[in-house]
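The next block holds one structure in the form of structure tokens; read it before the comments.
The values are calculated or read from the model by the stated rules, or taken from the named source; none is laboratory data. Being a predicted model, the structure only gives us computed values, none of them experimental. For neighbour counting, all protein chains shown are included, and Cβ atoms are generated from backbone atoms with ideal geometry for every residue, glycine included. Just the protein is used for accessible areas: all its heavy atoms, side chains included, with ligands, DNA and RNA removed. Shrake-Rupley method; radii C 1.70, N 1.55, O 1.52, S 1.80 Å.
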Amino acid sequence: MLRLLTIEFHKLKHNTASKVLSIIYFGLLTSIALIAAIKFDIGPIKFHLAEMGIFNFPYIWHFNTYIASILKFFLLLVIVSMMANEYSYKTLKQNLIDGLSKKEFILSKFYTVIAFALASTLFVFVVSLILGFIYSDYNELAIVFSDLQYLLAFFIKLVGFFSMGLFFGILVKRSAFAVGAMVVWLIIESMFKGYLFWSFRGADKTTESVNNIMQFLPFEAMTNLIKEPFSRLGAVKSVANQIGENFTKSYDVSILSIIIVAIWTFIFIYLSFALLKKRDL
């Protein structure tokens, strides 16, 4: 494993675009802290985002992992370009000539995916911990280290998303086309969801029926891992109660979603290997 990772990081070390994208990604993760500085002072409307409780333990784990997961597209570009460069610079063929098996080649990419996901998760953990201790109203250890399941969900979400990018990178051999293919898949899922809503219109529990089907598709399963955290804020709930609205949704990390994403990750990695094994290089 260490040998395969060393090979991959040696390639990345000499890839300027990948280094720039990685720096931008981790820089943006750090910039989550800038949210604390946002203040609104418009006439009678005055509020400070940090004072609204977004950095309170344990809510911060939910909020930061949700925001950080939006930024994952920067690392996706690193993953797909990493695969596309193997074809562009003929390094894939050279690796195989040098004795690397196709299975080891795919494993080296998958280990890199895991390394990026793990580094991102640890980075978000550290940033969240620092922000929490600075701004949180609750600093008891039992509260600080509760809800850490969102970090696990974040890690699994990144591994699944990057594995999907790796598969499309191998399938189309061009980074732009690989990202485009993922966008097309997302559009197809969205259209299918719209079709389901149309099909179940007028039925009891339409949304529940649609969600029960959609949860098995990759993008929807990844989305379900970390649901939006904004309606969970006390200030938002207070406003909702005043206008007669109540939020009854569950914000928990679903075990089923974890299993579904893990299965899709296995499928994408297996298909990547099967495609590479079949393809004449």
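In segment 112-144, the residue that is least open to solvent (accessible area, probe 1.4 Å) out of those that are over 30 Å from Leu271 (Cβ atoms), touching a residue at least 24 places away in the same chain (Cβ under 8 Å) and aromatic (Phe, Trp, Tyr) is Phe125. At pLDDT below 85 and either over 21 Å from the mean Cα position of the chain (by Cα) or surrounded by 17 or more Cβ atoms within 10 Å (Cβ to Cβ) (or both): does that describe His10? Against the criterion (at pLDDT below 85 and either over 21 Å from the mean Cα position of the chain (by Cα) or surrounded by 17 or more Cβ atoms within 10 Å (Cβ to Cβ) (or both)), His10 qualifies. When Ile45 is tested against (1) at pLDDT below 75; (2) within 30 Å of Ala142 (Cα to Cα), only condition (2) is not met. Out of Ile79, Ile60, Ile70, one residue alone is over 15 Å from Thr112 (Cα atoms), crowded, with 23+ Cβ neighbours inside 10 Å and either hydrophobic (A, V, I, L, M, F, W, C) or modelled with pLDDT of 80 or more (or both). It is Ile60. Quick check: anything in segment 166-180 surrounded by 14 or more Cβ atoms within 10 Å (Cβ to Cβ), in a helix (DSSP H, G or I) and basic (Lys, Arg)? Looking for residues that are surrounded by 14 or more Cβ atoms within 10 Å (Cβ to Cβ), in a helix (DSSP H, G or I) and basic (Lys, Arg), one finds none in segment 166-180, hence no. Just checking, does segment 149-160 include any residue being free of Cβ contacts under 8 Å to residues at least 12 places away in the same chain and either open to solvent by 60 Å² or more (accessible area, probe 1.4 Å) or closer than 30 Å to Asp252 by Cα (or both)? Within segment 149-160, not a single residue is free of Cβ contacts under 8 Å to residues at least 12 places away in the same chain and either open to solvent by 60 Å² or more (accessible area, probe 1.4 Å) or closer than 30 Å to Asp252 by Cα (or both). Please find, within segment 85-103, the residue that is modelled with the lowest pLDDT out of those that are surrounded by 11 or more Cβ atoms within 10 Å (Cβ to Cβ) and not in a helix (DSSP H, G or I). If we take residues in segment 85-103 being surrounded by 11 or more Cβ atoms within 10 Å (Cβ to Cβ) and not in a helix (DSSP H, G or I), then Tyr89 is modelled with the lowest pLDDT. Counting only residues that are more than 17 Å from Leu256 (Cβ to Cβ) and under 9 Å from the mean Cα position of the chain (by Cα), segment 160-172 holds 2 of them. Considered as a group, the residues in segment 187-214 that are modelled with pLDDT under 90 and of a type in the set (Asp, Glu) include one that is most open to solvent (accessible area, probe 1.4 Å), and that residue is Asp204.
Reported count of residues in segment 98-134, each being within 15 Å of the chain's Cα centre (by Cα) and among the aromatic types (Phe, Trp, Tyr), is 3.
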